[in-house]
Amino acid sequence: MIFENDILKTITRSFNRSPNQKNKLLESDAEIIQLREDEYLAVTVDSIVEEIASGLYTDPYLIGWMTVVASISDLVAVGAKPLGILLIENIPSNYPAEKLQLIQKGIHEACCEYGTFVLGGDTNSSCELQMGATAIGIIEGEKFISRMGCQEKDLLMISNPMGIGMGFALTQLLYKQYNIPYLPKPNLIYGQLIKKYATSCIDTSDGFIPAICNLIELNNMGFAISKEFNYLIDKQVIKIAQKAEIPNWFFLAGPHGEFELVFTIPSSKLDEFLTEANKTDWTPIIIGTVIKKPELHCINKGKNIILDGFTITNLFGESGGDPKTYIEALIKLNQLWKLQ
């Protein structure tokens, strides 16, 4: 059970859902509203609050960029094309003008990256800098992709190697002697292709293992990952893990991610999907299969193990959101499970 999902269920229990809404609570990265028989509106909102308050995002340009990209990533995960964003900017009265200009530059250039626009929004004065955006997109055709629908024996795939998001977080907050460049660019083309072939999809905004656990919880299915952890993780992150003497699976743990995609594809559609992906110079990575029992099976040191992904997913919240307490808790888990 993911504790954050339980909180969301409690918060939304008394809300009425639109009869035109095609997804239920938590079933999709963006909310899907049917407009016509073959056209859907995708709407999502994300904020950059904890990341600023914790000191994770200090670069004003990155803050602006992530204000856009955090919500655009949700549109990518449902196969939507962005129409525009609505901004929320709560700005301290003494916030330096040059930093504010860099934030707006990050917003502008992220919008240009995705061919979209700032449609409007709301600006207020506040004690702390707080940013957020609502992204609006359109899905054309009879099919949209959600977190629901994976079937036993489907192939488990990732859009690119994982771990950059946690690598950035750990080096920003704890291991400051190292550096991980971080400017995620969710790819709209990925979402469009995945929409045509996949049975389920989720982004890794909260990290790889939390993404996997969301799919397990929603589908009541499990996953058998057939590759060692190093195969899943970006090479530059592995180098940091070796230098800092950190178990490499920590970089899959979340709660901060790289905004890539985890998705499932029927094996019968794999060849056609890979052919289309290769036309765009994209090589998605097969990492395992869907299994019937709702568990996470992994390979560690050549041995099959069942990993308690839900304990990992909930650990940051149980650590009070404190990075140092969290990493200490991960170390204890690693010692208990004897993973690496």
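Odds and ends about this structure:
- Selection of the range 75-87 for residues being buried (at least 18 other Cβ atoms within 10 Å of the Cβ) and either among the basic types (Lys, Arg) or assigned to a strand (DSSP E or B) (or both) yields 82, 85, 87.
- Of the residues contained in the range 285-302, one or more are found to be at pLDDT 95 or above and closer than 30 Å to residue 65 by Cβ.
- Residue, nearest to residue 98 (Cα to Cα), within the range 17-74, restricted to residues that are of a type in the set (Val, Ile, Thr) and in a loop (DSSP other than H, G, I, E, B): 58
- Taking each residue of the range 75-102 that is without any contact (Cβ under 8 Å) to a residue 60 or more places away in the chain and at positive phi and looking for partners that are among the polar types (S, T, N, Q) and in a strand (DSSP E or B) with beta-carbon atoms closer than 6 Å, six or more apart or interchain, yields nothing.
- Verdict on residue 123 being in the same structural domain as residue 39 (by TED's automatic domain parsing), in a loop (DSSP other than H, G, I, E, B) and either of a type in the set (Val, Ile, Thr) or closer than 30 Å to residue 231 by Cβ (or both): no
- Test: residue 283 is in a loop (DSSP other than H, G, I, E, B), surrounded by fewer than 12 Cβ atoms within 10 Å (Cβ to Cβ) and of a type outside the set (Gly, Ala, Ser): yes
- Count of residues meeting criterion [of a type in the set (Lys, Arg) and closer than 16 Å to residue 241 by Cβ] in the range 166-186: 1
The values are calculated or read from the model by the stated rules, or taken from the named source; none is laboratory data. What you see is a predicted model; the values in this text were computed from it and never measured. So basically every Cβ, Gly included, is an ideal-geometry build from the backbone, and we count neighbours across all protein chains shown.
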